Amino acid sequence: MIPSIFAAPRRFPAPREMPQPTYSCRINAEPIARYRPGGYHPICLGDTFKDGRYKILHKLGYGGFATVWAARDRSRQEYVALKVSAAEIHERSYELEVLSALAALNSKEPGARHIVQLVDHFLIQGPNGTHDCVVLEFLGPSVMDNNFLRLNNGRLPGQLAKSCIQQAFLALAHLHKHNIAHGDLHTHNLAFVVPSLHTLTEDEFIEKLGLPQIGFVARRDGRPLEPNLPPYLVQTTSYPAEVSLTRHQQIKLVDFGESFFTANAPSKVSTPLCLRPPEAFFGDRLDHRVDLWSAGCMVRSFELVVGKPPMNAFLTSRRSIVRQMLKTASDDLPQRWHWKWEFMDETWKGQRTENTFMEHLDDLYYDGKRNTDLMPVDVDKLGALVHRLLRFEPATRASALEILQDDWFVETRREPATKAPVQGFLQPEWFVETRT
């Protein structure tokens, strides 16, 4: 039967309007919705913790499960970073246990100097639940801080980038020796060590970080705020750290919120999708070697060297990421994963994918637009390191210690240091050797 053109028009349901958020705030900060039972603890500038010992001065950052604040330790008369975790991860995170175990080692190993130091820890009870509070040494911005990279065309000097890679592997070697995995390795979790700020007054310290920018939180219906929300949010500071642009600039590995002991490995990791190891996609057991894959991705296009993110940050589906893995990994997809991959990608029939990694690395680094102070031989050696790390089979990946023994890093210790100041950045009066 042919429908009549005079038939009553078909009625479609009206499009559903997107629900408007209950709250508003005019600055770019953490999601207000995270201030709920099980979520963030509401914090204001000037708040104190642990019987007045720690005074909040500024906000350093936030993540899915914590906010991080610059604070004054009135007992030790120094500045610290105070990380206050969401209540929902209380008793589920190994962060405090891992940091405490590392601190108890009191290790003099080279890698210990490249891991953030635990100062104190305590619990607080608030309107959203019980929160773990971890007090850490105060460090500078991450090596991928936008203000920092903007002064160098989005790319670090080659020798500093090379040194950052080496220091990251020193930290990993130390963790893995003690059967600990970081679990969330990427460039934003590598932070510069800055000259001591502890001699500054509170006003000078705040001026150094930049005066806090706040935005008041309001309900759209005009009703009063619930007690589990802060009256205002604080914008994260982003300040020009005083760092050296030579290979002697020290960095440390930070944010152990996803770390774990290999004997108690989780069933999944929360590493950004483009850095996540293949065993996490295919449901294999996880261990410390998840860090080695992430390190390979980090070095692969290494944002510090090339100035671009690893893999493709816009590839958000698992299938897209695995397809790119097949073009990058230096070994074949293990047989035990074939059936899972065939289920994920019906077009795959077991064919090998051409590995174009080195061509892409050359093209990315020598883009004709930015500084290229690494020699072609350096880029080749960098690529060789990545080939040893980006392997589907976890047991065949080079260990962090094996990477450190590569000739490329041995040569670094014989090279003379040269200063390379960048406008807007002061040179510190001290330098710390990566290795002695």
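At a Förster distance of 35 Å, what's the computed FRET efficiency of Thr199 paired with Asn28, Cβ-Cβ distance as r, to 0.05?
According to the calculation, E is roughly 0.65.
Listed highest first by mean packing, meaning other Cβ atoms within 10 Å per residue, what order do 214-224, 73-83 come in?
Result, highest mean Cβ count within 10 Å first: 73-83, 214-224.
Roughly what percent of Cα-Cα pairs across the stretch 34-170 reach past 27 Å?
Looking at the stretch 34-170, the distances longer than 27 Å represent 30 percent of pairs.
For the pairs Lys50/Lys83; Lys50/Lys208; Lys59/Lys108; Lys108/Lys252, note any where the Cα-Cα span goes beyond 21 Å.
Where the Cα-Cα span goes over 21 Å, the pairs concerned are Lys50/Lys208; Lys59/Lys108.
Which log10 I(q)/I(0) values does the stretch 182-277 give at q = 0.18, 0.25 Å⁻¹ under the Debye formula, counting every alpha carbon as one identical point scatterer?
The computed values of log10 I(q)/I(0) come out as -1.03, -1.22.
Name the residues whose placed amide hydrogens come within less than 5 Å of the amide hydrogen of Ile251, ignoring near sequence neighbours (fewer than 5 apart) on the same chain.
Val193
What nm distance separates the two modelled labels at Asp284 and Ser320, each placed 7 Å from Cα along Cα→Cβ?
2.5 nm
Computed from the coordinates by the stated procedures, all read-outs in this text should not be read as laboratory data. None of the values given here were measured: they were computed from a predicted structure. Here Cβ is always computed from backbone atoms with ideal geometry, including for glycine, and neighbour counts include all displayed protein chains.
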